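Nothing in this text is a laboratory measurement; each read-out follows from the coordinates by a stated rule. Just so it is clear, the structure is predicted and the values come from calculations on it, not from any experiment. Because the Cβ atoms are built from the backbone with ideal geometry, glycine has one as well, and the counts that use them run over all protein chains shown.
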Amino acid sequence: MATTDEVVEQILRTYDTITVVGASANPSKAANEVPAYMADRGWRIIPVNPHAEEIVGQKVFRTLADIPEQVGLVDVFRPSADAAEVARQAVDAGASALWLQLGITSPEARAIAEKAGLLYVEDRCLIIEQRRTGITQSA
């Protein structure tokens, strides 16, 4: 069984697009800072937020189901209480990896993701992990 650090590195090396559920249009929030940072390092960002039109220069989708392409990595900026429902939606959207940001944990989301065969990370920040590993995407 892979360690969390190994899964983190696999995700960062495998996915060139990050679908961000709970992305924020407010630049002072981590849910905006993290996607902007990752975009600056070569990742394509697909923001999901029911209340915004554009985030980090990208068109926003209301739900995961509204995204008109295959979803791979789903990064979650929602409270832990919402994580299981986001996990179910990610599975339904065909995602293959689920990442819960720093401070977000959910045994139920983990069980849903693992049962569906998704790579799973929780309670980790993409910025911290990108800096730790030094992994970037070629733009």
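Points to keep in mind about this one:
- Average 1/r across all pairs of distinct alpha carbons in the chain, invert it, and you get the Kirkwood radius: 14.6 Å.
- For the chain, DSSP calls about 10 percent of its internal beta bridges antiparallel.
- Charge context of VAL60, other residues only, Cβ under 10 angstrom, K/R +1, D/E -1: -1
- Cβ-based net charge around ILE112, under 11 Å, with every Lys or Arg adding one and every Asp or Glu removing one: -1
- With the helix formula -39500 (n - 2.57) applied to DSSP H stretches of n ≥ 4, the chain reaches a computed 222 nm mean residue ellipticity of -11000 deg cm²/dmol.
- Taking the average, over residues, of other Cβ atoms within 10 Å as the packing measure, peptides 71-84, 28-41 rank 71-84, 28-41 from highest down.
- Overall, the chain carries a charge dipole of about 140 debye about its Cα centre when +1 sits on the Cβ of Lys and Arg and -1 on the Cβ of Asp and Glu, all other atoms neutral.
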